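Comments concern the structure below.
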Amino acid sequence: MKRLFIWMFGRPVGTWSVARNGTHTFQYDETWLASGDSFPISLSIPLGKGVIEGFYIHDFFDNLLPDSEAIRNHMRTGFQAKSLAAFDLLHEVGRDAVGSMQILPEGELPSTGEITGRVIDEHEIAQTLRGLTQLTPVESVPVDEFRISLAGAQEKTALLNYQGQWMVPHGSTPTTHILKVPLGSFGPLGIDMSSSVENEYLCAKLTKALGIAVAECEIEQFEEIPTLVVTRFDRRWSEGGKQVIRIPQEDFCQVTKTSSADKYESDGGPGIQTIMSILQGSQNASEDRLTFFSAQLLFWLLAAPDGHAKNFSIFLGSGGRYMLAPLYDIISAYPVLGSGRKQIHPRRLKMAMALQGENEWDTILPRHFVEMGRKYGLDVPTIFQDLAGRIPVAVEAVSNELSPDFPQSVSEPIFEGLIKQGRVLERFTG
C-alpha cells in the first residue's frame, strides 16, 4: 500500500492510498472532520468517515498534472519519479499543487508559512523557459526546487515573486505566478501558435474590458523568450505581506469525476447543462450562472474553442460553500483562421461545449444562445445588447494599451473578428 498525505493550511486533511492491485482510496483525517471549518477537497469527494474508493479518486489527483504525456515525461526525468503514474509524479511535485492542497510523503510536514527560496535572475529564468520550449530534462534543477504541479496542455512553470524579486521557492513555499511560453506549432495540422502568449494576453485584456472576471496577466521578456506571466488567483498575500495563502480550488473535471482525457464535451466531459446545474448550488448562483453563460457567448465572439471543463474552476469554502473562479486560458483562433497551410478552416473550428447540440463555431447562431438561456431563465437579448454595446469601447481601450511592437498579426484579426461577431448580435436584437 502506497500513501500520500493531504494537508491544507498546515492541517492534515486526509490520506490518498493506492493498493497493490491499483485500487485508489481516500480517507479524511478525523481531526479535519471534527473541525468546525472543514470542507471537502472536492465536491465529488464529500466529507465523511470511512474509506472512499473509486477510480475517480485517481482522476481527481491526476487532474492536478499536465495533460501532455511529453510534459509528464519531462517531469518524470527531471524529478526522477518512479513512473508517469499520477501518484508517483505527485509524490515528487505535489508540494505546491493547484488550490490549497499540499501533497506530501509520510513524515514530511507542510510549510510553516515562512517564505524561503532562492533569488534568480533573468538569465536563469530564460534557461528554465528555454528548457520548457524544448522539453528537455531539467537535471540541473536542485532536488528541492521547482516542485510544483500545473495542469493543462501548455508548457509552463511557476515562480514566487517576493519583494520585487523572482524566486525559486524551496520545499513547499507557494508560488505566486505562472509563466507560460509560446506554443509553437500545434496539433496534427501544424497550426502556427507561436504568438500564443500575445494572443492569450489580448484575450484576457478584452475579457476584463467586457466586464468578465479573468486571471490577471502581463507579458514579460526573459532574454529572447516572450512570456505570459499570470498572477495565480488561488494565491493571495496575507495582510502584512509576509505569507502567501493558498486558496482552495478545483476545476470542473474534478467536480464531475471526469478524467482529463475526457475534458471536452464531445469526449464525454461536462457541458453547459451540467455546469449550470452545479452552479445552481453556488453561494453566488445567479451571478455565477450569468458569468458562465456569458463566457460561452464570449468564446463564440472571440472564436475561442478551448473552453472545456478544465478551463473553468470553483473556489471551495467551509460549510460546503463554493463559487465560480475567474476565467483563464482563453486563446482566440482568429489569427489562424483561413484556408491556407498551418491554418484552421472556419468550418473545422469546434467549440468545447455545444449549444442546443451545435458545437461547430460557424454554424452556431444567436438563436442557439437564446434557446439555451431560456432554460435557465436568462434574459439573453439583454445580455446580447450589454456585451455587444461594450465591444467598441473595449477594443479601443485595449488597443490604446498595447505596446507599439505588439504583433498586428494577432491584434488585427482578433479585434476585427470580435467587432464582426458583435454586429451579428446587434442585428439579431434589432
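Brief remarks on what is shown
- Search result, residues across the stretch 293-333 that are over 17 Å from Ala388 (Cβ atoms), over 18 Å from the mean Cα position of the chain (by Cα) and in a helix (DSSP H, G or I): Ser318, Gly319, Gly320
- Within the stretch 275-292, if we keep just the residues that are assigned to a helix (DSSP H, G or I) and more than 19 Å from the chain's Cα centre (by Cα), the residue that is surrounded by the most Cβ atoms within 10 Å (Cβ to Cβ) turns out to be Leu290.
- Qualifying positions in the stretch 59-71 - crowded, with 19+ Cβ neighbours inside 10 Å and assigned to a helix (DSSP H, G or I): Asp59, Phe60, Phe61, Asp62, Ile71
- Condition check for Thr175: surrounded by fewer than 22 Cβ atoms within 10 Å (Cβ to Cβ), at pLDDT below 95, over 30 Å from Val393 (Cα atoms) and among the hydroxyl-bearing types (Ser, Thr, Tyr): no
- Any hit, the stretch 196-208, residues being within 24 Å of Glu122 (Cα to Cα), at pLDDT 95 or above and in a loop (DSSP other than H, G, I, E, B): no
- Any hit, the stretch 204-215, residues being basic (Lys, Arg), without any contact (Cβ under 8 Å) to a residue 12 or more places away in the chain, closer than 30 Å to Gly107 by Cβ and out of contact with any Ser or Thr (no Cβ under 7 Å at 6 or more places or on another chain): no
- Once the stretch 241-274 is narrowed to residues that are of a type in the set (A, V, I, L, M, F, W, C) and within 16 Å of the chain's Cα centre (by Cα), the residue that is surrounded by the fewest Cβ atoms within 10 Å (Cβ to Cβ) is Ala261.
- Candidate set: the stretch 307-323, residues that are touching a strand residue (DSSP E or B) at 6+ places or on another chain (Cβ under 6 Å) and aliphatic (A, V, I, L, M); chosen: the one surrounded by the fewest Cβ atoms within 10 Å (Cβ to Cβ): Met323
- Within the stretch 209-237, restricting attention to residues that are of a type in the set (Asp, Glu) and within 23 Å of His123 (Cβ to Cβ), the residue that is surrounded by the most Cβ atoms within 10 Å (Cβ to Cβ) is Glu220.
- Per-region count, the stretch 334-362, residues among the basic types (Lys, Arg) and more than 25 Å from the chain's Cα centre (by Cα): 3
- Conditions (1) more than 26 Å from the chain's Cα centre (by Cα); (2) within 20 Å of Gly211 (Cα to Cα): number failed by Gly373: (1)
- None of Phe252, Phe233, Phe222 is hydrophobic (A, V, I, L, M, F, W, C), assigned by TED's automatic domain parsing to the domain that holds Ile331 and either in contact (Cβ under 8 Å) with a residue 12 or more places away in the chain or in contact with a strand residue (DSSP E or B) (Cβ under 6 Å, 6 or more places away or on another chain) (or both) except Phe252.
- Test: residue in the stretch 12-33 that is surrounded by 18 or more Cβ atoms within 10 Å (Cβ to Cβ) and either outside the structural domain of His91 (by TED's automatic domain parsing) or in a helix (DSSP H, G or I) (or both): yes
- Flag if Leu349 is over 19 Å from Ala209 (Cβ atoms), modelled with pLDDT under 95 and either in the same structural domain as Lys420 (by TED's automatic domain parsing) or among the aliphatic types (A, V, I, L, M) (or both): yes
- When Leu160 is tested against (1) crowded, with 20+ Cβ neighbours inside 10 Å; (2) in contact (Cβ under 8 Å) with a residue 60 or more places away in the chain; (3) touching a Lys or Arg at 6+ places or on another chain (Cβ under 9 Å); (4) part of a strand (DSSP E or B), just one condition goes unmet, and that condition is (3).
- Ile212 vs. criteria over 17 Å from the mean Cα position of the chain (by Cα), β-branched (Val, Ile, Thr) and not assigned by TED's automatic domain parsing to the domain that holds Ile391: no
- Unique match (being of a type outside the set (Lys, Arg) and farther than 21 Å from Tyr201 by Cβ) among Leu402, Leu327, Leu418, Leu425: Leu425
The values are calculated or read from the model by the stated rules, or taken from the named source; none is laboratory data. Just so it is clear, the structure is predicted and the values come from calculations on it, not from any experiment. Backbone-built Cβ (ideal geometry, glycine too); neighbour counts: all protein chains shown.
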